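The values are calculated or read from the model by the stated rules, or taken from the named source; none is laboratory data. None of these values were measured; they are calculated from a predicted model. No Cβ is skipped: glycine too gets one built from the backbone with ideal geometry, and neighbour counts run over all protein chains shown. All accessible areas refer to the heavy atoms of the entire protein, side chains included, with ligands and DNA or RNA removed. Shrake-Rupley method; radii C 1.70, N 1.55, O 1.52, S 1.80 Å.
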Amino acid sequence: MRILAILVSTLTLAATLWAGFRGAGPLPPLGAFLDPIRGAWSTVSTTEHPMASTDAIPGLTGQVDVRYDVRGVPHIFATNEGDLMRALGYVVARDRLFQLEVQVRAGAGTLTELVGRVAMPADSETRHLGLPRSAERTLASLADDAPGKRFAIAYAAGVNAYLDGLTADRVPVEYKLLGRRPMRWEPVFAMHLANRMAYTLSYSADERSRLAAEGLVGRAAAEGVFPVASPIQEPIQPNGTGAPRYDFRTLPAPGTPDSQVAALLPLLPAPTPDADAAIPRLFASNNWAVAPSRSRSGHALLAGDPHLELTLPSIWFETHLVIPGQQDVYGVTIPGSPGVVIGFTRDLAWSLTNTGADVVDFYRETVDDDGKPARYLLDGAWREIELREELYHGKAGEVLRVDTVRFTHRGPLHRGGGEWVSMRWTAYEPSDLAAGFRGASRQVTAGAFLDTLAAYMHVPAQNVIVADRQGNIAIRSTGHFPIRPGDGGGVAIRDGSRSDSDWQGFWPVSAYPQAMNPPQGFLASANQQPIDPALNPRFLGTDKDFEAWRALQINRLLRGNAQVTLDDMRAYQTSPGSVRAEAFAPYFLAAVAAKQSMATTSPALAAADAILRRWDREYSAVNGSSALFERAMRELTRRTWDELVPEGKTERVATPTTHVLLALLADSANAWWNDVHTAGVVETRNDILVASLEAGYDSLVAQLGPPRPDRWSWGRVGAVNVRHLLGLAGFSRRGLAVNGGPGTLNPSGPSGFGSSWRMVVELGDRVRALGTYPGGQSGNPASARYDDRLQFWTRGDLELLYFPPALDSVVPAQVRAALTLRPR
């Protein structure tokens, strides 16, 4: 069946080509693809690793032994770091070769060389953001003995050693579909991958969306619906209140458009087309830790589940790295990254969530030539602009386009509205994140782990949570947070002709949001505002950068359980409960009740009301009410923020958070409720709520038919899709029914984003860990290891993670395959 899926997918590739960017492209001739020796048929014969195999890697100083356990996890035993990284590069390439190339090309802006001109928009954005230049400068800035450089060189050697012995039958099927061969690996590729993650997790168009809103409704209204501080406070750093706080204020009414502000919009880069789509991206993540005083076992507990794009193969690759007496770390790595990113040792465990800090600023520059500037003005003196020629090559090596990208000391320049604007971003600051994780994973206490990592982790800023066997739990929002002139916010275009407009450094570590062993006995982060602005008003980001609902839920669960178990930690990760639904559903019901008391309502509204009244506010897969609530919320958002849609357009320039929407619900007659499209009528809150619920019901009936549990079940309407890197249907897994939805701890859904790795750890005398991710270790769609973990992930189950301390302690029954790597 798997080979049939491969062939079917081949015939539909022209319509579905998709590699983390948008587009479609032509197929090569199918003759080579159907070759029984070198084509797709050979993929079936190479789905599993041999029981025993040997290879040689240039530069190895000693033998490296690899044991693949029954879950396909490579346990790598080496005698030094260089050999360990060479072996890691080799084993990752062995299972994820095509993924390695796609991810790195996305970060380098060279996807056109793999798939052709269809990738030009994605490559152009990457290069005009200056990411390839940044990667090259980072590598050049590292000393020869810096871990980041040593590991990148060794990892590249390992990948290339695998390529040297790669036979035609083991070339991944995607290359055969595209008519391409794998590229050679270079050390700088590790930096390209790091920059790609920085783009995903720290680059935003907040300045543009905020200005666009201000241009439509005026400054006061824009500041009201896009506040700096979240109106719902359940911060990462506990504020000592033991409960959430709702700082709701009356929102200023929409004002008159401001043409002067609107004129500034062309100065800023336009957001990507799907930045405000109907199905939003969900870069949500959770982590939490429980102190021994609140765990049944008396040991510290830790849970982590970063939410990223769900792909096959998965963004993560599970591994265990051992150097006797020096290193013993288990966890997940991103293919192409030399080290474990999230995991545990025999002394501690850690996980990450995204901080959401605003780390991008823009500057209006004064240049010597508006057409082709060569210099820019700074403090009354002209400075040279750096010119960088960018060549885009096609699949056959032909030049498709040539661009010139300009740079000031801040970063890349772009032209908009007849002016030149430069950009500053923490991604342009050289760092050695590999050294950070390497050093941190060798510590034995939570505090030492955080202090070591803080010296190296600059971007993307992460909420790092850690627990150790001594019973400590700690968290710190770690990264470079800019100190802006006057300590002002980041939503402004600054004067680039003055150096005093520049960042004045970065926050000291002592100012980072953080906590260790709090009296409440637990810590949690779920992308909420890291620190209560009442305690520290320093600008970190805006409400649009943060989300409170999952933080409210996990804090509620942890406050209500003084005897937490490891299985509780697992169950919480897919808890279907929703504080968001509990907050909004009563408003819908009250609005319907008010209307029914005054007039006869339609059968549709009565039916919707009945469905919502019997809902338990949980997103279980079999629930038939969640879908109605989500449709009503979508309608409520659309009808409430109609003032943010420019005349003649259909899409909002920006959407306030549901935190702000809830605050608005407390003001039944606010001018925001009025529908600007209805002349002679002034709508109130209840009018909009009733109309939204009825419209949501009607849309579901039109799509799915009259309400029935099987038709309207959340498992069907909110089903999860895990897409192959090229979007090929036969290689993807679609329509997965799961517990969880928007605002829950498992916010997976049709967006294609969700929990990418789930892990829970108990730090007892012997560390016990469970984990899984939505996919499998192999990148070969014909392999049983391609998607074997999806069954656990979908059910919310985790697998016991095998963690042998040494090669001679590996249990034979746990070994699926053995690999021996020797010096060449």
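The conditions of being among the small types (Gly, Ala, Ser), in contact with a helix residue (DSSP H, G or I) (Cβ under 6 Å, 6 or more places away or on another chain) and either open to solvent by less than 20 Å² (accessible area, probe 1.4 Å) or modelled with pLDDT of 95 or more (or both) are met by Ala157. Of the strands (runs of 3 or more DSSP E) lying entirely inside the range 365-450, those containing at least 2 residues that are more than 20 Å from His192 (Cβ to Cβ) and not β-branched (Val, Ile, Thr) are 375-378, 381-384, 412-416, 419-425. Could you tell me whether any residue of the range 129-142 is over 17 Å from Arg105 (Cα atoms) and either outside any helix (DSSP H, G or I) or free of Cβ contacts under 8 Å to residues at least 12 places away in the same chain (or both)? Yes. Annotation: of all residues in the range 485-518 being free of Cβ contacts under 8 Å to residues at least 24 places away in the same chain and part of a loop (DSSP other than H, G, I, E, B), the one that is most open to solvent (accessible area, probe 1.4 Å) is Gln504. For first residues located in the range 187-206 and within 22 Å of Pro147 (Cβ to Cβ) and at pLDDT 95 or above, partners that are of a type in the set (Val, Ile, Thr) and surrounded by fewer than 23 Cβ atoms within 10 Å (Cβ to Cβ) and lie 6+ apart or on another chain with Cβ distances below 6 Å form the pairs Pro187/Ile153. The single condition from (1) in contact (Cβ under 8 Å) with a residue 12 or more places away in the chain; (2) over 26 Å from Val173 (Cα atoms) that Gln777 fails is (2).
If you take the residues of the range 54-85 that are of a type in the set (D, E, K, R) and open to solvent by 30 Å² or more (accessible area, probe 1.4 Å), which of them is farthest from Phe317 (Cα to Cα)? Ranking the qualifying residues of the range 54-85, first place goes to Asp55. Output the number of the condition that Glu365 fails; it satisfies all remaining conditions of (1) over 14 Å from His414 (Cα atoms); (2) touching a Phe, Trp or Tyr at 6+ places or on another chain (Cβ under 8 Å); (3) of a type outside the set (Gly, Ala, Ser). If we test Glu365 against (1) over 14 Å from His414 (Cα atoms); (2) touching a Phe, Trp or Tyr at 6+ places or on another chain (Cβ under 8 Å); (3) of a type outside the set (Gly, Ala, Ser), just (1) comes out false.
Restricting the range 807-819 to residues that are within 34 Å of the chain's Cα centre (by Cα) and among the aliphatic types (A, V, I, L, M), the residue that is farthest from Leu770 (Cα to Cα) is Leu819. Screening the range 171-222 for residues that are within 28 Å of the chain's Cα centre (by Cα) and acidic (Asp, Glu) and picking the one that is most open to solvent (accessible area, probe 1.4 Å) gives Glu186. Here Arg570 meets the list (1) more than 26 Å from Ala300 (Cβ to Cβ); (2) of a type outside the set (Gly, Ala, Ser); (3) surrounded by fewer than 22 Cβ atoms within 10 Å (Cβ to Cβ) almost entirely, failing just condition (1). Residues considered: Arg438, Arg424, Arg469. Of these, the only one that is of a type in the set (Lys, Arg), out of contact with any Phe, Trp or Tyr (no Cβ under 8 Å at 6 or more places or on another chain) and open to solvent by 30 Å² or more (accessible area, probe 1.4 Å) is Arg469. Can you find even one residue in the range 215-232 that is of a type in the set (Lys, Arg), in contact with a Phe, Trp or Tyr (Cβ under 8 Å, 6 or more places away or on another chain) and part of a helix (DSSP H, G or I)? No, that holds for no residue. Selection over the range 320-339 of residues that are open to solvent by less than 10 Å² (accessible area, probe 1.4 Å) and either at pLDDT below 95 or not in a strand (DSSP E or B) (or both) gives a count of 2. Across the range 760-768, not a single residue is classified as over 30 Å from Pro292 (Cα atoms) and buried (at least 24 other Cβ atoms within 10 Å of the Cβ).
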